[in-house]
Amino acid sequence: MRIPPGVKQQDFESAVSQWQKHVGEEWIFTSEADADLYRDAYTPFRKEEEEIVPAAAVAPDTVEQVQAIMRIANRYRIPIYPVSTGRNLGYGGSAPVLSGSVVLDLKRMNRILEVNERNAYAMVEPGVSYFDLYRYIQERGYRLWIDAPAPGWGSLIGNSLDHGAGYTANPHRDHFDAHCGMEVVLANGDLVRTGMGALPGAQTWQQFKYGYGPTVDGLFAQSNFGVVTKMGFWLYPEPEAYFDATVSVPRFNDVIPLVDILANLIYSGVLNSNTIMGSPMRYSTLTNPTINELFLNSDKPEAVRALNQYAATNKLPFWDNRLKFYGPEAVIKAQWEYAKQKFAQIPDVSFQDGKLLRFPLPQEQIDRLTDKENIGVPSLEAFRDGARSPANPTPNIGHLGFSPVIPMTGEAVIESQRVIARALVDLGATPAFNTLPNSYHTRDFVILIGFSIMDDVDINKKSREVFRRLIKLAAEHGWGEYRTHTAFMDDVADIYSFNNHALRRLHETLKDAIDPNGILSAGRYGIWPKHLRKT
Ligand SMILES: Cc1cc2nc3c(=O)[nH]c(=O)nc-3n(C[C@H](O)[C@H](O)[C@H](O)COP(=O)(O)OP(=O)(O)OC[C@H]3O[C@@H](n4cnc5c(N)ncnc54)[C@H](O)[C@@H]3O)c2cc1C
């Protein structure tokens, strides 16, 4: 049995035996083999001593059990790390930040407490996955959509608490923004309901977010201030139709008006979906060293002229953008017509209609879709990309997600692509993927860069080094990550340093007040309890 750091063996044994009385012996996992199941499958420290190793795990079934576990942990100062379904792959999986913590596995708490079709919301426990909620809704024939991230096996609560995102319309795809009301167990075992949930017998817990007084929900996301045991989410009433289309522009600098018009359509509510920037020239920049060199020097007018010439000769639009529309068919057709009028200001712009889907969609048609996430259907198809195949006999084990947020402007698209591409060349790194910007949230772009985790210590070390350099480089340009892997939480917290780290100092003040013994998720998002701060 591993013992958590700073805890006496006798105290840990006492805590375990008290937990057993509340949760049942079979739901406490103290053998190394069992605890190892909670290691991060995508750890960048594979086969290295620094790999984070949980000491044990405990899996309660009820809120009362969570409260009892926390009270006992608080008494013996045992570090606890709650996860919902623990599938945060790319960002730390189910492993804690502090090695030797006990994972509080909430997977068994998988009750769908309410789905309200008339007011389009659900209230769920942490173990409810996107698949669970989707099935529940389908079985009852509710005309409601969920919004799922690419892997549908994660949980609504864990994903939203890490500021995860999906692919349908606003406000549903920004998963924390789509929540309404939560229930939280604090480190001392106290039970709090936020928003209208604080009113006994409240009728509007899942309908009015603010409740009364300060809104504290945000304190429980990307933090370590409580264990969330229930959360409400707004669902999307099944739209009448979906339509996607692509706008393409021929020249390098056309991305500036392209994104300006796009942003205006989004901010004014004409376009309510996330959009994905693309570049038909990208393949050439990745495979043709001359074109790549021109792209890396695209701050020089002669390089831009040569790139435009290459694109024109090869009949490649320089940029494109895929738009998605959701709503009544007549409305989305009108929205697309309006969008086309706006984009027509860009000389030589071209448009391509994509697919029009009307709902409900027959199952055979859903099965054939390769982008099910766009219509709120959870799947695991994301794992197909990069999987073992004759063309890819040695796939990577996983990836580390580097995800900086940049402004929604064409200038930022150009600058970020060039700066990051240049840094990757200089640092000798070839990530598994390096995307153009995606509008996960409403008013910004996110770039995703995935560094491969391999069965090779040197490659992983190099990826960590490059990752850390990129965090600093991005910060020098005013771009910060929206989320990060547990291995880099301190590095990213370091760049959010305004006024001598005033935000970190505020987080620490809150931590000391809410969790004075510092037992919850030590180190998460760079927030350490007092007794571990110096180290
Ligand atoms: C190929 C691939 C594609 C991906 N695509 C996406 C995507 O499209 N969108 C996206 O958002 N992510 C994506 N991810 C990342 C990740 O897989 C998902 O975000 C996943 O939903 C997170 O896992 P989870 O829901 O099990 O959360 P968990 O692992 O349960 O939770 C995440 C973290 O939140 C905290 N937490 C969780 N539950 C609680 C609780 N009840 N109380 C207090 N704290 C808690 C913990 O610190 C935990 O480590 C992708 C990953 C891969 C590998």
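The values are calculated or read from the model by the stated rules, or taken from the named source; none is laboratory data. On a predicted model such as this, the values are computed, not experimentally measured, just so you know. We place every Cβ from the backbone using ideal geometry, glycine too, and count neighbours over all the protein chains shown. Keep in mind that these areas ignore ligands, DNA and RNA; they rest on the heavy atoms of the full protein, side chains included. Shrake-Rupley method; radii C 1.70, N 1.55, O 1.52, S 1.80 Å.
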Does any residue in the range 497-526 that is more than 15 Å from residue 220 (Cα to Cα) come within less than 6 Å, Cβ to Cβ, of a residue that is outside any helix (DSSP H, G or I) and open to solvent by 50 Å² or more (accessible area, probe 1.4 Å) six or more places away or on a different chain, and which pairs are these? 503/496; 517/77
So, residue 33, is that one open to solvent by less than 10 Å² (accessible area, probe 1.4 Å) and either touching a helix residue (DSSP H, G or I) at 6+ places or on another chain (Cβ under 6 Å) or not β-branched (Val, Ile, Thr) (or both) or not? no
The lone condition residue 421 fails out of (1) closer than 20 Å to residue 147 by Cα; (2) touching a residue at least 60 places away in the same chain (Cβ under 8 Å); (3) outside any strand (DSSP E or B) is (1)
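Which of the strands (runs of 3 or more DSSP E) found entirely inside the range 117-235 contain at least 2 residues meeting this: open to solvent by less than 20 Å² (accessible area, probe 1.4 Å) and farther than 30 Å from residue 275 by Cα?
179-185, 227-234
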Residues satisfying the stated conditions in the range 439-484, i.e. open to solvent by less than 40 Å² (accessible area, probe 1.4 Å), over 21 Å from the mean Cα position of the chain (by Cα) and under 30 Å from residue 171 (Cα atoms): none
If I filter the range 209-229 for residues that are more than 14 Å from the ligand (Cβ to nearest atom), among the aromatic types (Phe, Trp, Tyr) and touching a residue at least 40 places away in the same chain (Cβ under 8 Å), do I get at least one hit? no
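Filter the range 349-389 for residues that are charged (D, E, K, R) and under 14 Å from residue 145 (Cα atoms) and give the result.
Result: 358, 372, 373.
Could you say which residue among 63, 58, 103 is within 17 Å of residue 228 (Cβ to Cβ), open to solvent by less than 10 Å² (accessible area, probe 1.4 Å) and within 13 Å of the ligand (Cβ to nearest atom)? Walk me through how you get there before you give the answer.
Details: 63 fails: open to solvent by less than 10 Å² (accessible area, probe 1.4 Å); 58 fails: within 13 Å of the ligand (Cβ to nearest atom).
Selected residue: 103, the only one of 63, 58, 103 that is within 17 Å of residue 228 (Cβ to Cβ), open to solvent by less than 10 Å² (accessible area, probe 1.4 Å) and within 13 Å of the ligand (Cβ to nearest atom).
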Residue tally, condition in contact with a Lys or Arg (Cβ under 8 Å, 6 or more places away or on another chain) and surrounded by 18 or more Cβ atoms within 10 Å (Cβ to Cβ), over the range 341-377: 1
Reported set for the range 241-286 where residues are over 26 Å from the mean Cα position of the chain (by Cα) and part of a loop (DSSP other than H, G, I, E, B) is 250, 251, 280, 281
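Conditions tested, residue by residue: (1) at pLDDT below 95; (2) hydroxyl-bearing (Ser, Thr, Tyr); (3) under 21 Å from residue 442 (Cβ atoms).
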{"position": "294", "(1), (2), (3)": "yes, no, no"}
{"position": "298", "(1), (2), (3)": "yes, yes, no"}
{"position": "303", "(1), (2), (3)": "no, no, no"}
{"position": "321", "(1), (2), (3)": "no, no, yes"}
{"position": "334", "(1), (2), (3)": "no, no, no"}
{"position": "340", "(1), (2), (3)": "no, no, no"}
{"position": "356", "(1), (2), (3)": "no, no, no"}
Tell me whether the range 383-406 contains one or more residues that are away from the ligand (no atom under 11 Å from the Cβ) and part of a helix (DSSP H, G or I). no
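This table checks each residue for (1) within 14 Å of the ligand (Cβ to nearest atom); (2) in contact with an Asp or Glu (Cβ under 9 Å, 6 or more places away or on another chain).
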position: 111; (1), (2): yes, yes
position: 117; (1), (2): no, no
position: 158; (1), (2): yes, no
position: 172; (1), (2): yes, yes
position: 177; (1), (2): yes, no
The condition from (1) in contact with a helix residue (DSSP H, G or I) (Cβ under 9 Å, 6 or more places away or on another chain); (2) over 30 Å from residue 11 (Cβ atoms); (3) basic (Lys, Arg) that residue 111 misses is numbered (1)
